[in-house]
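> Let me give you the structure first, and then I'll get to my questions.
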Amino acid sequence: MSDFGKLLEHLGQSGVAQNLSPPLQTGLFLGALALLPAALVSLTAFTRIVIVLSFLRRAVTAQEIPPNMVTIGLALFLTFFVMGPTWEEISAKGLTPYLDGKMSGVAAFEQGTNALHKFMLRQTRRQDLALFLHMAHVTTVKEPADTPFRVLVPAFMISELKTAFIMGFSIYLPFLVVDLVVASVLTSMGMVMMPPVVISAPFKILLFVIADGWHLVARALSLSFH
């Protein structure tokens, strides 16, 4: 059991949580809600998805299209789609037994974090995991499944960043070719003062639409987590 799980067990056994005043309980609840955005970014597929979508928008040279609200919304619901099996496992093994009174809060928390732990391990590169294990001076880990959360989370995040940048680079390449072709044509015509992006932007949007780009990007992002 993790140190945090032991703390929860101690609080539950001592009745501290039940003895808190309602305003303090409300404050703790609101404080936990404030941590949800950080958990969404740090513990799920959201980081990779939103970075790739941002790369795509820049590659198409549509700086404000789609708007930020649309990009974040698409990234959020793609995250729900990708994380669906993990959240179903958390619900089946932890949340539902706890709500039915068949499992203590500490045991439910452990089951839920184990499911999330497995997802994050699958997406984390071994060299990133080894880096943070070395820097944390953790020598008791015999298997990746034994990695503590304080080591796994930063390793998972830098793995996600690298994967997102690799995918973003792959998206940039075909649009870069369009820019080079347009720049060469304008130079050969003597129109060196005209910015190539003015001419290339419509062609890049047309290329993206003809290739059914949103379908391809959504499919690539979803399959990248398998």
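> Taking the conditions exactly as written (closer than 29 Å to L74 by Cα and either basic (K, R) or surrounded by fewer than 17 Cβ atoms within 10 Å (Cβ to Cβ) (or both)), does R126 satisfy them or not?
So R126 does not fit the description; no.
> Would you mention how many residues in the stretch 115-152 are in contact (Cβ under 8 Å) with a residue 12 or more places away in the chain and of a type outside the set (K, R)?
22
> Further question: Can you list the helices (runs of 4 or more DSSP H) found entirely within the stretch 134-226 that contain at least 2 residues being of a type in the set (G, A, S), under 26 Å from R58 (Cα atoms) and modelled with pLDDT of 85 or more? Let's see the steps before the verdict.
Details: elements: 149-188, 196-210, 213-223.
Answer list for the stretch 134-226: 149-188, 213-223.
> Step by step: first the residues of the stretch 59-75, then only those that are in contact (Cβ under 8 Å) with a residue 12 or more places away in the chain and on the phi < 0 side of the Ramachandran plot, then the one that is nearest to the chain's Cα centre (by Cα). Which residue is that?
Ranking the candidates gives A75 first.
> Moving on. Scanning the stretch 76-123 for residues that are more than 23 Å from the chain's Cα centre (by Cα) and among the hydroxyl-bearing types (S, T, Y), which turns out farthest from S222 (Cα to Cα)?
Filtering first and then ranking leaves S104.
> I'd like to verify a number: residues in the stretch 99-133 that are more than 21 Å from V82 (Cβ to Cβ) and not in a helix (DSSP H, G or I), how many?
The total comes to 5.
> Checking A183 against (1) surrounded by 14 or more Cβ atoms within 10 Å (Cβ to Cβ); (2) free of Cβ contacts under 8 Å to residues at least 60 places away in the same chain; (3) over 30 Å from L206 (Cα atoms), only one condition comes out false. Which one?
Here A183 meets the rest and fails (3).
> Follow-up question, since we're still on this one. Being surrounded by fewer than 19 Cβ atoms within 10 Å (Cβ to Cβ), aromatic (F, W, Y) and within 20 Å of S224 (Cα to Cα) is the requirement here; does F77 meet it?
Numbers: surrounded by fewer than 19 Cβ atoms within 10 Å (Cβ to Cβ): yes; aromatic (F, W, Y): yes; within 20 Å of S224 (Cα to Cα): yes.
Spelling it out, F77 is indeed surrounded by fewer than 19 Cβ atoms within 10 Å (Cβ to Cβ), aromatic (F, W, Y) and within 20 Å of S224 (Cα to Cα).
> Could you tell me whether any residue of the stretch 105-118 is touching a helix residue (DSSP H, G or I) at 6+ places or on another chain (Cβ under 6 Å), surrounded by fewer than 18 Cβ atoms within 10 Å (Cβ to Cβ) and modelled with pLDDT of 85 or more?
no
The values are calculated or read from the model by the stated rules, or taken from the named source; none is laboratory data. Predicted model only: the values in this text are computed from it and were never measured. For neighbour counting, all protein chains shown are included, and Cβ atoms are generated from backbone atoms with ideal geometry for every residue, glycine included.
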